[in-house]
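Since the structure comes first, as structure tokens, the remarks are kept for the end.
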Amino acid sequence: MEPLAIVVLISGGGSNLQSIIDGIADKTLNARLCAVISNKAEAYGIERAKKANIPTEIIDHKHYDSRESFDAELTQCIEKYQPQLIVLAGFMRILTDDFVNHFYGKMINIHPSLLPKYRGIHTHKRALEAGDDIHGLSIHYVSAELDGGPIILQKSVPVLEHDSEASLAQRVLEQEHIAYPQVIQWIAEGRLQLTDNQVMMDGEPLTG
Ligand code: GRF
């Protein structure tokens with residue numbers, strides 16, 4: 001089977017990007033990274049992409065006077081590479097409805113909480129403050145609702161007694177690095193898709 005053509009969008013460290021690069025290198029992930037796009041020039045993920053000889057693009061949101069004009073440029077840039085899947089990996093921009101609808105069913109995100117709990121930012125801090133025993137991550141198709149699209153996979157991570165925000169974040173990240181390449185591989189194998197707003201796995205509706 002042809003490798004799945006993907007574009008990854010980042011804003012920061014890119015450890016999830018690294019897990020995708022590593023999965024491709026060790027052949028557990030049948031994908032091809034067409035490009036890595038960042039809205040921040042200093043994102044360390046850009047260095048990771050360069051080391052792996054992946055084309056990089058910087059589209060600095062500060063140079064655009066509206067979300068619409070930024071998203072229009074981003075759309076153009078993504079389409080140059082004709083990806084089959086767009087992977088948001090720590091991409092910290094709120095996207096316009098038009099952008100999201102344009103790529104609906106072809107764009108996934110990873111979020112560090114058990115959605116619908118803790119949409120948005122500071123998820124680990126909020127889980128600790130709430131005294132949760134269980135935290136985790138969610139991978140979902142991106143819809144116009146922030147962190148609200150159809151869920152593909154969730155993984156729980158126990159909250160330990162002496163967890164700090166950093167230690168909890170670290171353990172969630174370790175699970176993210178396993179789960180994200182796995183989900184992308186399912187898409188590459190044609191096992192997973194979004195049909196009529198329903199996530200389908202092996203031809204069956206996926207239920208929570
Ligand atoms: C991850 O926790 C991811 O769930 C969230 O942003 C973080 C990105 O980390 N969306 P990295 O840049 O992949 O290291």
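The values are calculated or read from the model by the stated rules, or taken from the named source; none is laboratory data. Bear in mind that the values here come from a model prediction, so they are computed numbers and not experimental data. Counting neighbours? That spans all protein chains shown, and the Cβs are built from the backbone with ideal geometry, glycine included. The accessibility values were calculated without ligands, DNA or RNA, using every heavy atom of the protein model including side chains. Shrake-Rupley method; radii C 1.70, N 1.55, O 1.52, S 1.80 Å.
Here the Kirkwood formula puts the hydrodynamic radius of the stretch 55-103 at 11.6 Å, using every distinct Cα pair. Within the shell of other residues whose beta carbon sits under 11 angstrom from the beta carbon of PHE99, the net charge comes to -3, with Lys and Arg scored +1 and Asp and Glu -1. Computed over the stretch 123-169, the P(r) tail beyond 17 angstrom holds 41 percent of alpha carbon pairs.
For the stretch 17-73, the pair-distance distribution built from all alpha carbon pairs, in bins 5 Å wide starting at 0, is 4, 18, 24, 18, 14, 11, 6, 3, 0 percent. Kirkwood analysis of the Cα pair distances in the stretch 1-144 returns a hydrodynamic radius of 16.0 Å.
On full extension, the segment bounded by ILE94 and CYS77 gains 4.4 nm, given 0.36 nm per residue less the C-alpha separation.
Placing R0 at 25 angstrom, the Cβ-Cβ distance between ILE134 and SER167 gives a FRET efficiency of 0.95 after rounding to 0.05.
The packing ranking, built from the mean of other Cβ atoms within 10 Å per residue, places the peptides 7-16, 187-196, 149-158 in the order 7-16, 149-158, 187-196, highest first. Note on the chain: helix-only mean residue ellipticity at 222 nm, from DSSP H runs of 4+ residues weighted -39500 (n - 2.57) and normalised by residue number, equals -10500 deg cm²/dmol.
Would you tally the net charge around SER113, using a Cβ to Cβ cut-off of less than 10 Å, leaving SER113 out, and scoring K and R as +1, D and E as -1? Taking every other residue near SER113 into account, the sum is +1.
Percent of Cα pairs in the stretch 104-208 per distance bin of 5 Å, from zero to the largest separation: 2, 13, 24, 22, 17, 11, 7, 3, 0. For the stretch 1-114, averaging the sequence separation of C-alpha pairs within contact (under 8 Å, six or more residues apart) and dividing by the residue count gives a relative contact order of 32 percent.
Apolar share of the accessible surface for the stretch 1-135: 49 percent from carbon plus sulfur atoms, 1.4 Å probe. Can you give me the C-alpha center-to-center distance between the stretch 177-208 and the stretch 1-78, rounded to a whole angstrom? Cα centroid of the stretch 177-208 versus Cα centroid of the stretch 1-78: 21 Å apart.
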